[in-house]
Each structure stands twice: as structure tokens, then as C-alpha cells.
Amino acid sequence: MKVTGFTIIRNAIKYDYPVVEAITSILPLCDEFVVAVGNSEDDTLNLIRNINSPKIRIIETVWNDSLREGGRVLADETNKAYDAISADTDWCFYIQSDEVIHEKYHGAIRSAMQKYKDDPQVEGLLFNYVHFYGSYSYVGNSRRWYRREIRIVRKNNSIRSYKDAQGFRKTDNSKLHVKAIDAAVFHYGWVKPPKAQQAKQENFHKMWHDDEWMKKNVAVAEEFDYSNIDSLEAFKDTHPAVMQARVDRMNWQFSFDKSQIRLSAKDKLLLFIEKQTGWKVGEYRNYILLK
């Protein structure tokens, strides 16, 4: 079984992306790893080179910054990385630059890839998500966060990154048939120093919207205001080993208590149903889940 990891990155240092941690968190599961490094304003290219693994193959790309509708540039770049994967690969393991896999899931992931390797019905593997917010001590628990997404797909020319690269579909726009596995992605995109988070937000929205929308909807500020959140809960597990150094050097303050929860009566009811039954009413599913 051959497994190839792949990701995209640009301006990792400028916007404080934990891309090195993302890559190294799944490197033990991969035979090779393709990193599409976009034209950056910082030393991102050397940052990736300094991982210094023989498994890593870097392709240098130029982002089409005119693709400002729906984050299409992210899918465009993801497809460049995917297309560079060797044809003899069985599974392609996608990781975004702010996502990290805990080492405790490695066994389950490897077993699932082996189990479904020769089952053509299974086109991808579906992961659970843990979304951190504000600090490494809190996770999102409201309906605004997506619960699952595809992160492992087959090497198949008909599979493409979808919309803003959150998931995958086929070239005919049909959804992939996937199996859910007992593993989670730890998403750290909402945990950065407030200044870095503000800079990232101002840059990130440019991939979705034109300048006029930006002027009306994105506040210009020195630091990001983390207080504008509806509901969080304390994180009581451990972080991936590769993230521990980042956790230890966190240098800003953030806290949240139950008195700050801002949920409507409707949202409270829907969350209650979800916790009791596992059914998320109205959930967007960009996949077909196989039993």
C-alpha cells in the first residue's frame, strides 16, 4: 500500500500557519509527501525545505489571485498538488496547513486505509473534526462548525478539490462515497496571536470577496477580537506531540465561561437533539456515507 500526503501553503511565516506541524503529524503514515509552495512574501519555501525529510517533494506554484470567488484559488492550488502525486499511489492523504493529526489516531488511520484499499466502492475516508478557538484550551461546540470532512482519497483523475478546498468531488460534480473512520482532525486555524489572526483574516477574505465587500465587512484593526463567539467548551484531551511547543509558547490571554454563551432557543434545541441522537439537523454533507 502506497500513501502520499499532500498540502498547499503560502506565507506560512507571515500568517503563522502550523504547516510544519501539519506535515510532520502525518509524515509517519506516508511514503511520500507533495507540498505545493506558493509564491510567498516570506521564507516559506525554506521553512518547508528545512523539514529535511526524503519523503517530501516540493513543487513551486504561482497563485492566481484573480480567483476571488468562493475561495477557488485554494481548490486550484490543491489540485496542483494532487496532480503531482505519483500514479502508483493507493491513498492520498490531504492535510491543510492549520490541521494536525494526533499520533493516537495513526493506528486507526493505517488500518482503515489497509481495510478499504481493495474496495473500489470506497473512494475516500471521512474524519471527525475538533475546532480550537481563541486558545489551545477551548473548542467550538455550536452549530457553526463542520463536524466531518474527507481527508483521504484515492489517486484518481476524476477526483478534484471542491469549491474552497474544504472537501472533494468528482469531475461530474458527484459526491464521493466514503467510510467514516475513528480519527479526528485537530483544526487550529482560529488559534493565533491576535495580531497574526487579524492579518490572516484580512488576507483570507480576499480569496472569497472583492475589494468593495472587504471594505464593508472586514474591520481594519490592530488585533483580532476573539470575544465575538457564540459558544465554546473546555478542551480536556491532549494535543498532538508535534503541537506541544506551540502550546507552550502561547503568549496571549483568552478565556471563556458559560455565562458568555450566546445561543438562540432554536440553536439550543438543535444542539440538544444532536447530542442525544448524533443527528445534526440540516447538516451539509459533501459526501455519501457508506454503511
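Can you give the FRET efficiency to the nearest 0.05 for ASN52 and LYS14, using r as the Cβ-Cβ distance and R₀ = 30 Å? Please list the in-between numbers first.
Details: r = 22 Å, r/R0 = 0.74.
That pair, ASN52 with LYS14, gives E of 0.85.
Once you've got the Cα coordinates, tell me which of LYS179/LYS200; LYS268/LYS291; LYS117/LYS291; LYS266/LYS291 are over 23 Å apart. Display every interim value, and only then the final one.
On the way: LYS179/LYS200 33 Å; LYS268/LYS291 29 Å; LYS117/LYS291 16 Å; LYS266/LYS291 30 Å.
Checking Cα-Cα distances, LYS179/LYS200; LYS268/LYS291; LYS266/LYS291 exceed 23 Å.
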Pairwise label distance in nanometres, HIS106 with GLU69, each label 7 Å out on the Cα-Cβ vector: 4.4 nm
Relative contact order, percent, of the chain when contacts are C-alpha pairs under 8 Å separated by at least 6 residues? 21 percent
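Once you order the gyration tensor axes a ≥ b ≥ c over the Cα atoms, which shape class does the range 103-243 get: rounded for a/c under 1.5, otherwise prolate or oblate by comparing a/b with b/c? If you can, show how the numbers build up before the last one.
Numbers: a/c = 2.73, a/b = 1.44, b/c = 1.90.
In terms of gyration-tensor shape, oblate.
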In whole Hz, with x marking every Gly and Pro, tabulate ³J(HN,Hα) for the range 89-106 from phi via Karplus 6.51 cos²θ - 1.76 cosθ + 1.60, θ = phi - 60°. 6, 7, 10, 10, 9, 8, 9, 7, 6, 10, 10, 9, 9, 5, 4, 5, 9, 4
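Counting Lys and Arg as +1 and Asp and Glu as -1, what is the net charge of the other residues whose Cβ lies under 15 Å from the Cβ of ALA84? Numbers along the way, then the final one.
Values: positive: LYS2, LYS55, ARG57, LYS80, LYS155, ARG160; negative: ASP31, GLU32, GLU60, ASP76, GLU77, ASP83, ASP88.
Its environment carries a net charge of -1.
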For ASN156 and GLU223, extending 7 Å from Cα along the Cα-Cβ vector and measuring point to point gives, in nm, a value of 4.8 nm
Neighbour-limited loop hits for chymotrypsin sites (Phe, Trp or Tyr not before Pro), the range 212-291 (at most 13 other Cβ within 10 Å; DSSP other than H, G, I, E, B): TRP279, TYR284
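Given a Förster distance of 41 Å, report the FRET efficiency between ASP248 and ILE288 from their Cβ-Cβ distance, rounded to the nearest 0.05. Mind dumping the intermediate values first?
Details: r = 41 Å, r/R0 = 1.01.
About 0.50, to the nearest 0.05.
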Could you compute the FRET efficiency for ASP267 and ASP182, with r as their C-beta to C-beta distance and R0 at 22 Å, rounded to 0.05? 0.20
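Using every Cα-Cα pair within the chain, state what percent have a distance larger than 36 Å.
Working: 5748 of 42195 pairs.
Distances greater than 36 Å cover 14 percent of the Cα pairs.
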In the range 1-25, whose amide N lies under 17 Å from the spot 7 Å out along Cα-to-Cβ of SER86? List them in ranges. 1-7
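None of the figures in this text is laboratory data; all of them are computed from the coordinates on show. Note that the structure is predicted; figures quoted are calculated from it, not measured. Glycine gets a Cβ as well: all are built from the backbone with ideal geometry, and neighbour counts include every protein chain shown.
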